[in-house]
Amino acid sequence: MGERGWWWLWISCPGLGFARIRALRAVAQAHQVTLADLWSWPLLRLQAALRWPDSLMARVESYRLRKGMSPSLLVPDNALFPLDQDWPISFDLLKRPPLAVHWSGRKQCWPALSAQKAVAVVGTRRPSDHGCRMARALGECLARAGWPVVSGLAEGIDAASHHGCLAAGGLPVGVLGTPLDRVYPPEHEALQAQVESAGLLLSEWPCGARVQRSNFALRNRLLVSVSCALVVVECPETSGSLLSAQIARTQNCPVWVVPGDALRWSCKGSNGLLQEGATPLLSPESLLDVLGPGPLAAARTASMPLERSRSSSERNPSLLRCVDQGLTLEQLSAALSCSPTQVAHELLQLELEGVIEPKPGLRWRSV
């Protein structure tokens, strides 16, 4: 079992969080041994070096006995560890660095994220029409300039920015508050599938992990860590976007804010950031005047299509007919003999083209 395997083995041990794993690595470095060597240390020697509580050492010992002295673990291919080449160094500078990041989508996205060559767009889940239009315009403008667009894939501002990025053929990055095998909110199944296809999904939590409310706040630090700028489009005074802005300031990541209606509740938090010294953003173009072309600009220019392709409704009229029958995503997949991912992709294209709009219960209707 290689070095990645031993890392995965230790971080999977119950009771070992980032602080304990950091202590374990410190012991390995101090004694000039590997994590594999520490696995075979007698309990008393390990306890003397780590000075962990007896109850925790008992859990560690039980875990070691269960796995055996020559353990064999299947390390997920889509797990990124601190010892991997694409691991963002900025993660290790956090007060609570992740032990692993699970991802799905295009692996070639990682170099840009590791170099913090992306822009995060965040905001409230219940924005004004102005906030939605601005978020979508930002997503489109950044994508055309070659910048990956990062968000938390929540309702409202996050979704609007990714819709704009996708419409412009850009590279969206979704930092999830759930494992990769969960979709939240459920209405974003089509959007999440499209972001995965065109860009990258990443999560700190392995598939099957329990979803906790705190996960959604914790993802903010990762979202900021892979970005060179944070744009807060619109948020109230109790928004998680304010936490993202606070994290950005501690990491010297510039914070831009779209000025909003002073009398609207959903703008009070973002307008407050302006009072605290954040840079006003009056147009997407003004942000690009500062950032310049993104890391994907050359590739986008080289692959620019010569003519516009047919719309999704022209390519698949039977899908539109089934949508009008009120079928769910699962029912559409069965009726069209296509995978749910393929159907989700086409549905999102129809949404972006303004042909359909989502309804509760994973249904859609023609506009």
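For this structure, a couple of remarks:
- Any hit, the stretch 195-208, residues being of a type outside the set (Ser, Thr, Tyr) and over 14 Å from the mean Cα position of the chain (by Cα): yes
- If you check SER333, SER283 for being at pLDDT 70 or above, within 18 Å of CYS165 (Cα to Cα) and among the polar types (S, T, N, Q), only one passes: SER283.
- Scanning the stretch 270-294 for residues that are in contact with a strand residue (DSSP E or B) (Cβ under 8 Å, 6 or more places away or on another chain) and within 21 Å of THR238 (Cβ to Cβ) yields SER270, ASN271, LEU273, LEU274, ALA278.
- Among the residues of this structure, SER90 does not count as one that is more than 20 Å from PHE18 (Cα to Cα) and either out of contact with any helix residue (DSSP H, G or I) (no Cβ under 7 Å at 6 or more places or on another chain) or hydroxyl-bearing (Ser, Thr, Tyr) (or both).
- Matching residues, the stretch 234-264, being touching a His at 6+ places or on another chain (Cβ under 9 Å) and buried (at least 23 other Cβ atoms within 10 Å of the Cβ): GLU234, VAL258, GLY260
- Scanning the stretch 112-164 for residues that are over 22 Å from ARG219 (Cα atoms) and polar (S, T, N, Q) turns up just one, SER128.
- A single entry from ALA120, ALA135, ALA143 fulfils the requirement of being touching a helix residue (DSSP H, G or I) at 6+ places or on another chain (Cβ under 7 Å), more than 19 Å from PRO280 (Cα to Cα), open to solvent by less than 10 Å² (accessible area, probe 1.4 Å) and not hydroxyl-bearing (Ser, Thr, Tyr): ALA143.
- Residue within the stretch 221-228 that is among the basic types (Lys, Arg), farther than 17 Å from SER161 by Cα, open to solvent by 10 Å² or more (accessible area, probe 1.4 Å) and out of contact with any helix residue (DSSP H, G or I) (no Cβ under 8 Å at 6 or more places or on another chain) present: no
- Close pairs (7 angstrom Cβ cut-off, 6 or more residues apart or separate chains): touching a residue at least 40 places away in the same chain (Cβ under 8 Å) and of a type in the set (D, E, K, R) in the stretch 69-93, part of a loop (DSSP other than H, G, I, E, B) and open to solvent by 30 Å² or more (accessible area, probe 1.4 Å) anywhere: none
- Filtered residue count, the stretch 109-166, keeping only those that are part of a helix (DSSP H, G or I) and of a type in the set (Lys, Arg): 3
- Any hit, the stretch 46-69, residues being touching a Pro at 6+ places or on another chain (Cβ under 7 Å), open to solvent by 30 Å² or more (accessible area, probe 1.4 Å) and either not basic (Lys, Arg) or not in a loop (DSSP other than H, G, I, E, B) (or both): yes
- Residue count for the stretch 146-159, restricted to those that are closer than 18 Å to GLU285 by Cβ and out of contact with any strand residue (DSSP E or B) (no Cβ under 6 Å at 6 or more places or on another chain): 1
- Condition check for GLY272: open to solvent by less than 20 Å² (accessible area, probe 1.4 Å), in a helix (DSSP H, G or I) and either modelled with pLDDT of 95 or more or of a type outside the set (A, V, I, L, M, F, W, C) (or both): yes
The values are calculated or read from the model by the stated rules, or taken from the named source; none is laboratory data. Predicted, not measured: the structure shown is a model, and the values here were computed from it. Don't worry about glycine lacking a Cβ; one is built from the backbone with ideal geometry, like all the others, and counts go over all protein chains shown. The accessibility values were calculated without ligands, DNA or RNA, using every heavy atom of the protein model including side chains. Shrake-Rupley method; radii C 1.70, N 1.55, O 1.52, S 1.80 Å.
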